[in-house]
Amino acid sequence: MSNIFKTGLLLAVLTAMLVLIGGAIGGQQGMVVAFFFAIVMNFFSYWFSDRIVLAMYQAQPVDEASAPQLYSMVRRLVTRAQIPMPRVYLIPTDTPNAFATGRNPEHAVIAVTEGIMRILDEEELEGVLAHELAHVKNRDVLISTIAATLAGAITYLAHMAQWAAMFGGRGHDDEEGTNPVAAIVMAILAPIAAMLVQMAVSRAREYQADATGARLAGKTWGLAKALEKLHMAQQVVPMQANPATAHLFIVNPLSGRSFASLFSTHPPLEDRIARLREMRI
């Protein structure tokens, strides 16, 4: 429950940032225009994100005939979770990883790489699948989309502030002009702050999915051992992943890159494994 509360609080912080920055630098009209544009952009992303991501990684659909072990494992877990059967896809890459996407449990997708099918045993793979199905059950795609919408709106407002500062934009009342230095500082800091809050939302959901997935699988050690293997394999066979989709995967595909790891959407694997080993089911 603490992670759910934390996620709600972080989303509230993003909303407050949006309102304050919009009122400070763009006025009501600028805030409405930027927010509307961000909502439209993320609306299309929300409805078509599964198709975009699957095409990006050349994922191929599988069924019970072509992948009987994988398919039956997913079917068993969704029965426990009491959610609809998702579409199952296989990604043609040796890097072990997995993700879930889809706008709701009725339109969910579970995708795993060929690499993860090779290196994990049955208990470990079940732990990974349970984690991804936990994202589906917890409707994390919706939460991350809301966070992305708010963060995107803040970024657009920051860009508006940059242009206003450059061209000496002023409010309706001449005495309410924008301070150029303050606008530039806000334009730089606001997107960074929004990104940090968005990362915090993503990290909170990962912890929650680990806990929900472990309960769904009925044991914690399967997922814990899987995360250890995935962490080691990621260093040996890094994945060519788009940073915009990094938050979807069970382990950050960019974790091998030192700069990218500073802005990771995932909590440290050591912390996730430690929490799992401390859990009592």
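Before moving on, here are some points about what is shown:
- Each residue in region 77-95 was checked for being of a type in the set (Ser, Thr, Tyr) and in a loop (DSSP other than H, G, I, E, B), and 2 of them qualify.
- Taken residue by residue, region 165-187 has no member that is in a helix (DSSP H, G or I) and modelled with pLDDT of 70 or more.
Here's the yes/no breakdown for (1) farther than 13 Å from VAL136 by Cα; (2) surrounded by fewer than 22 Cβ atoms within 10 Å (Cβ to Cβ):
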site: SER72; (1), (2): yes, yes
site: ARG75; (1), (2): yes, yes
site: ARG87; (1), (2): no, yes
site: ASP94; (1), (2): yes, yes
site: ASN97; (1), (2): yes, no
site: ALA100; (1), (2): no, no
site: ASN104; (1), (2): no, yes
site: ALA108; (1), (2): no, no
site: GLY115; (1), (2): yes, yes
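The values are calculated or read from the model by the stated rules, or taken from the named source; none is laboratory data. Quantities reported herein were computed from a predicted structural model and do not represent experimental measurements. Cβ sites come from the backbone with ideal geometry, for glycine too, and all protein chains shown count toward neighbours.
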